Amino acid sequence: MPECLFCRIVKGDLPSRKVYEDELTFAFDDINPKAPVHILIVPKIHLPTLVDAGPSEQELLGHLLLAANKIAKEKGIDGRGFRLVLNCNPEGGQVVYHLHIHLLGGRQMRWQPA
Ligand code: 5GP
Ligand code: ZN
């Protein structure tokens with residue numbers, strides 16, 4: 001049975017350019033970067049979308065944001081700034097149904113809600 005793409009990346013069954021890992025989180029370069037820094041931060045457990053998360057995911061969701069904080073510092077873009085994007089379900093533009101946060105940086109972001 002074909003498994004979720006990002007679950008396979010987390011397991012190492014599919015290659016990725018890993019940038020960060022801890023007990024709950026895995027982060028890797030986006031294959032089609034929209035900015036000089038474009039990293040996907042994912043939970044190691046399979047959670048399809050943000051709206052599948054409940055109170056038991058509170059720690060995990062906080063963990064993902066703190067991972068973004070650490071990665072931004074490691075990449076040296078914490079002071080310049082960066083953007084986090086979380087697409088949810090079809091009208092949110094979600095394509096891969098394993099919860100992920102995009103960390104975008106290294107260039108000036110514009111407000112383009114499209
Ligand atoms: P979404 O639209 O679901 O928020 O974003 C999915 C992201 O996953 C896209 O930015 C896309 O480029 C990225 N992506 C899709 N397939 C792969 C892959 O196999 N490897 C990596 N590293 N990124 C992927
Ligand atoms: Zn998954």
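Each value in this text was obtained by applying a stated rule to the coordinates, not by laboratory testing. What you see is a predicted model; the values in this text were computed from it and never measured. In this analysis, Cβ positions are derived from the backbone assuming ideal geometry, glycine residues included, and neighbour counts consider all displayed protein chains.
For beta carbons closer than 8 Å, sequence separation of 6+ or different chains, a first residue in segment 47-61 that is more than 13 Å from Asn89 (Cβ to Cβ) and touching a residue at least 60 places away in the same chain (Cβ under 8 Å) and a second that is away from ligand 1 (no atom under 15 Å from the Cβ) and of a type in the set (Ser, Thr, Tyr), there are no qualifying pairs. Looking at segment 1-24, which of the residues that are of a type in the set (D, E, K, R) and in a loop (DSSP other than H, G, I, E, B) is farthest from Lys73 (Cα to Cα)? Restricting to residues being of a type in the set (D, E, K, R) and in a loop (DSSP other than H, G, I, E, B), the top hit is Glu3. Residue check: is Ala27 assigned to a strand (DSSP E or B) and either in contact with a strand residue (DSSP E or B) (Cβ under 6 Å, 6 or more places away or on another chain) or without any contact (Cβ under 8 Å) to a residue 12 or more places away in the chain (or both)? For Ala27, the condition - assigned to a strand (DSSP E or B) and either in contact with a strand residue (DSSP E or B) (Cβ under 6 Å, 6 or more places away or on another chain) or without any contact (Cβ under 8 Å) to a residue 12 or more places away in the chain (or both) - is met.
Scanning segment 1-23 for residues that are over 18 Å from Val95 (Cα atoms) and away from ligand 1 (no atom under 12 Å from the Cβ) yields Met1, Lys11, Gly12, Tyr20, Glu21, Asp22, Glu23. When only residues in segment 1-20 that are free of Cβ contacts under 8 Å to residues at least 12 places away in the same chain and farther than 16 Å from Leu99 by Cα count, which is farthest from the chain's Cα centre (by Cα)? Going through the qualifying residues, I end up with Met1. If the Cβ limit is 6 Å and pairs must be 6+ apart or interchain, which residue in segment 73-98 that is farther than 16 Å from Asp52 by Cα pairs with which residue that is in a loop (DSSP other than H, G, I, E, B)? Hits for this filter: Arg83/Met109; Gly93/Asn87.
Going by the structure shown, is Gly92 among the small types (Gly, Ala, Ser), more than 27 Å from Arg107 (Cα to Cα) and loosely packed, with under 15 Cβ neighbours inside 10 Å?
Answer is no for this residue.
Tell me, which residue of segment 58-88 that is part of a loop (DSSP other than H, G, I, E, B) and out of contact with any helix residue (DSSP H, G or I) (no Cβ under 7 Å at 6 or more places or on another chain) is surrounded by the fewest Cβ atoms within 10 Å (Cβ to Cβ)? Per the stated criteria, the residue is Gly79.
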